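Here's the structure, in structure tokens; my notes come after.
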Amino acid sequence: TMAHSKALLVLENFIGGKFVPCSSYIDSYNPSTGDVYCRVPDSGKEEVELAVKAAKAAFPVWSSKSPLERSQILNKLADLIEHDLEEFAQAESKDQGKTITFARTIDIPRAVYNFRFFASSVLHHTTECSEMTTVGCLHYTLRTPVGVAGLISPWNLPLYLLTWKIAPAIACGNTVVAKPSEMTSVTAWMMCKLLEKAGVPPGVVNVVFGRGSKAGEALVCHPDVPLISFTGSTLTAQRITEKSAPHCKRLSLELGGKNPAIIFDDADLTQCIPTTVRSSFANQGEICLCTSRIFVQRGIYSEFVKRFVAEAKKWKVGNPSDPTVNVGALISKEHLEKVKNYVKKAQAEGARVLCGEGVDSLVLPADNQKGYFMLPTVIAEVKDESKCMQEEIFGPVTCVVAFDTEEEVIERANCVKYGLAATVWSSNVGRVHRVARRLQSGLVWTNCWLVRDLNLPFGGMKASGIGREGAKDSYEFFTEVKTITIKH
């Protein structure tokens with residue numbers, strides 16, 4: 001009915017400093033109720049064309065500002081988002097399905113910090129210089145912004161991962177056209193409302209909403225967008241690589257993971273168990289860094305499993321806006337089906353589901369009966385070659401298996417196509433270093449999980465991506481380097 005559609009939130013593209021309506025829209029659902037709650041522009045070539053034009057037009061002025069001027073604007077934007085932190089957190093939780101607690105303590109604070117961090121780091125880069133006295137030459141490097149950056153961000157940490165791209169891109173003097181996921185576009189749209197007040201000139205940040213297959217593709221194929229930063233699935237990244245190849249674009253691809261946790265028999269289980277439950281089920285397991293394969297040394301296997309399952313069962317699933325809830329809703333009906341099917345496959349192969357899906361009953365509040373919820377699920381006795389141990393599930397599902405030797409577990413941990421993150425639990429320092437060195441993984445946490453220093457490189461090996469992002473790495477990605485030789 002018309003009356004119903006009026007109540008829906010309707011987003012608009014943000015191009016050249018103005019909100020621009022679109023000719024067609026996509027429904028976006030509230031994952032915790034299963035209802036449509038928002039309409040997102042279904043942008044394509046024309047909208048992307050306008051956004052790229054605006055970004056190109058804004059580039060000369062923005063790129064010629066000093067790093068300090070840009071830094072002050074980024075800090076102002078951080079302050080404005082922080083001022084509205086609660087409003088942003090509520091919106092993120094409702095749009096994505098994550099718990100209000102997670103949005104309040106992780107997503108929005110990190111989005112704020114992304115701007116502050118790059119506002120600071122951009123002031124501290126130096127270029128290189130070398131002298132060749134024998135031929136009377138001095139060489140030095142210059143770094144300049146690349147131009148219009150195309151930024152494509154996913155639905156799991158919507159504002160957090162969008163700002164992780166926007167902040168370094170504009171700090172370095174580029175202008176951007178960003179495309180958030182069509183499933184989680186609200187906080188990006190809210191951020192656009194603050195740009196002018198922060199002093200971001202029109203056209204520096206343009207946001208085009210829509211699907212990957214239409215809006216994303218138009219952005220990737222645009223000849224005036226020399227650089228693409230993408231976070232999402234390996235499958236989409238293959239398509240981006242193919243589509244951008246004729247234009248020789250610069251790519252940064254942060255893709256999936258099938259992350260192992262390796263727990264040796266000398267691990268401190270009082271720390272290890274709660275942290276590993278968190279690394280398995282935080283944000284409904286919808287983080288590329290989540291642990292989905294847990295290798296436990298045989299001597300402590302049964303004790304670990306017993307305690308791990310008991311801890312997992314304590315995690316409360318329900319309405320994301322309830323501050324006592326640990327697990328919110330999964331992103332979509334389709335995604336929930338996909339995740340549940342992995343559990344069914346494991347059972348068909350003879351694996352044992354120790355808790356969660358199909359074993360325990362899920363009790364939901366009346367308003368959330370149609371939401372996309374699932375209990376934290378632990379699977380044991382899974383073969384290494386099983387789909388559940390090889391493919392990224394991206395839900396609240398983790399597999400626990402036993403191992404005997406250090407040598408064996410390293411080989412098994414490395415036997416997947418991914419290589420993003422790993423965790424190692426042991427009180428033997430020598431072993432921690434040995435194992436960390438041999439894991440094919442861009443990040444290795446030992447005796448902890450998800451402790452991040454944004455100064456250091458972030459990214460994966462193998463099918464987990466190409467490139468690294470961090471203070472120095474993002475600066476190098478978002479700038480063009482030139483070597484100049486002066487004969488004197």
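The table below gives the values:
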read-out	value
Solvent-accessible surface (1.4 angstrom probe) belonging to Ser23, in square angstrom, nearest 10	110 Å²
Among beta bridges that DSSP assigns inside the chain, antiparallel share in %, nearest 5	45 percent
Rounded FRET efficiency, nearest 0.05, which uses the C-beta distance separating Lys370 from Thr324 and R0 of 25 Å	0.70
Cα-derived Rg to Rh of the chain, Kirkwood definition	0.99
Percent accessible area from carbon and sulfur atoms, the chain, protein chains only, probe 1.4 Å	55 percent
Average accessible area per residue (Å²) across the chain - probe 1.4 Å, nucleic acids and ligands excluded	41 Å²
On Cα atoms only, tilt of 298-313 relative to the major axis of the chain in degrees	70 degrees
Gyration tensor verdict on segment 365-488 (Cα atoms; rounded if a/c is under 1.5, prolate if a/b is larger than b/c, oblate otherwise)	oblate
Solvent-accessible area of Asp79 with every protein chain in place, 1.4 Å probe, in Å² to the nearest 10	80 Å²
Within segment 102-121: backbone nitrogen closer than 17 Å to the Leu68 label point (7 Å, Cα to C-beta)	119-121
Förster radius 41 Å - calculated FRET efficiency between Asp265 and Tyr140 (Cβ-Cβ, nearest 0.05)	0.15
Probe 1.4 Å, all protein chains present, accessible-area order of Ile466, Ile26, Ile108, largest first	Ile466, Ile26, Ile108
Long-range Cα-Cα pairs in segment 218-269 (distance over 13 Å), rounded percent	63 percent
Over 25 Å (Cα to Cα) - which of Lys243/Lys333; Lys98/Lys340; Lys98/Lys333 fall in this group	Lys243/Lys333
Kirkwood estimate for segment 107-219, i.e. one over the average of 1/r between Cα atoms, Å	15.7 Å
Directionally averaged shadow of segment 259-446, computed from the convex hull of its alpha-carbon atoms, nm²	10.1 nm²
Helix-only CD estimate at 222 nm, as mean residue ellipticity for the chain, using -39500 (n - 2.57) per DSSP H run (n ≥ 4)	-11500 deg cm²/dmol
Segment 19-82 shape via C-alpha gyration tensor axes, a/c threshold 1.5	oblate
Cα gyration tensor of segment 331-381 - equivalent ellipsoid semi-axes, whole Å, descending	22, 13, 7
Range in the chain, longest, excluding exposed GluC sites (Glu not before Pro) [loop by DSSP; at most 12 other beta-carbon atoms within 10 Å]	129-384
Normalised convex hull volume, segment 315-419, alpha-carbon set, Å³ per residue	123 Å³
P(r) histogram, all alpha-carbon pairs of segment 54-164 included - 5 Å bins from 0, percent	2, 10, 15, 16, 16, 12, 10, 7, 4, 3, 2, 1, 1, 0
In Å, descending, principal axis extents of the Cα set of segment 278-338	40, 25, 19
Solution diffusion estimate, µm²/s, Stokes-Einstein, segment 228-337, Kirkwood Rh from C-alpha pairs, 20 °C, viscosity 1.002 mPa s	129 µm²/s
Gain in span if fully extended, Glu349 to His125, counting 0.36 nm per residue against the direct Cα distance	75.3 nm
For segment 259-446, share of DSSP beta bridges that run antiparallel, in % to the nearest 5	10 percent
Where Lys340, Lys214 fall by accessible area, highest first, once all protein chains stay in place (1.4 Å)	Lys214, Lys340
Sites Gln238 and Ile486, calculated FRET efficiency, Cβ-Cβ separation with R0 56 Å, nearest 0.05	0.80
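The values are calculated or read from the model by the stated rules, or taken from the named source; none is laboratory data. The structure displayed is predicted, hence computed values, not measured ones. No Cβ is skipped: glycine too gets one built from the backbone with ideal geometry, and neighbour counts run over all protein chains shown. The area values use the complete protein model at the heavy-atom level, side chains included, leaving out ligands, DNA and RNA. Shrake-Rupley method; radii C 1.70, N 1.55, O 1.52, S 1.80 Å.
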